[in-house]
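Q: Okay, here's the structure, questions in a sec.
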Amino acid sequence: MALIYIVEDDRNIREIESFALKNSGHQVEDFECAKDFYAQLAEKTPDCILLDVMLPDEDGLEIVRKLRAIPDTKKVPVMMVTAKTTEIDKVKGLDIGADDYITKPFGVMELISRVKALLRRSMRVEEEKFLSAGDIFLDGEKHMVYVKEEPCELTFKEYELLKLLIQNQGIVMSRDIIMERIWGVNFEGESRTLDVHIKTLRQKLKSGGALIKTVRNVGYIIE
């Protein structure tokens, strides 16, 4: 169950949105102006925000700008809900940081589906902050790696290489794909660079280094 904030000055639309989302199992709090929304936002951060563009006390686009500038709300999914239908209006909303855009009038099922999609994407981002494989734990927030709870100091490229392998556990990553993803270059002529990084990565990971397997003539895998 997600906590969703609705900021909408039209009472009828606000009630429709609230009713639909509550029936979908979500906890909903609604506000008719930016002032009330900010007051509650200071108390608790929601999982998703439905935001009207035309509000009585502040433009919805300006609210998005402020949300993206605050650490606690920087990554909270925001869906703009508005009567404006021109392409330029949609582009403005998305460019300043909105995650999705739906225009009035809208179907209730479409609204629910779009909110679910936003929440799914948000959850995947949260999950990818923390990765693990065997005794290796990667903390994406602190950009740190731990092996058996002991910190492991890695260079930026070593960290990115390990992250790529863990994200694709059980899948053989070819040498050319690794080179392209980590170094942004084609594999040809660069094999030594990758081999050296894999060697030092294994050494630094100590017991965890054994998880990185070489697939001869293909690439590497973390099993």
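Q: Please work out which residue is most open to solvent (accessible area, probe 1.4 Å), limiting yourself to the range 11-41 and to residues that are acidic (Asp, Glu) and within 19 Å of Thr103 (Cβ to Cβ). Give the steps one after another, and end with the answer.
A: Filtering the range 11-41 for residues acidic (Asp, Glu) gives 15, 17, 29-30, 32, 36.
Adding the requirement that they be within 19 Å of Thr103 (Cβ to Cβ) leaves 15, 17.
Working: Glu15: 93, Glu17: 2 Å².
Ranking the qualifying residues of the range 11-41, first place goes to Glu15.
Q: Restricting attention to the range 79-92, and to residues there that are out of contact with any Gly (no Cβ under 7 Å at 6 or more places or on another chain) and hydrophobic (A, V, I, L, M, F, W, C), which single residue is modelled with the lowest pLDDT?
A: Ile88
Q: Yes or no: the range 69-92 includes at least one residue that is closer than 23 Å to Arg120 by Cα, open to solvent by less than 30 Å² (accessible area, probe 1.4 Å) and in a helix (DSSP H, G or I).
A: no
Q: Follow-up question, since we're still on this one. Restricting attention to the range 148-171, which residues are surrounded by fewer than 18 Cβ atoms within 10 Å (Cβ to Cβ) and assigned to a strand (DSSP E or B)?
A: Across the range 148-171, the qualifying residues are Glu150, Pro151.
Q: Within the range 1-10, take every residue that is open to solvent by 50 Å² or more (accessible area, probe 1.4 Å) and in contact (Cβ under 8 Å) with a residue 40 or more places away in the chain and give me the one that is nearest to Met109 (Cα to Cα).
A: Among them, the one singled out is Asp10.
The values are calculated or read from the model by the stated rules, or taken from the named source; none is laboratory data. All figures in this text were calculated on a predicted structure; none of them were measured in a lab. When we count neighbours, we look across all protein chains shown, and the Cβ atoms used for this are built from the backbone with ideal geometry, even at glycine. With ligands, DNA and RNA removed, areas are computed over all heavy atoms of the protein, side chains included. Shrake-Rupley method; radii C 1.70, N 1.55, O 1.52, S 1.80 Å.
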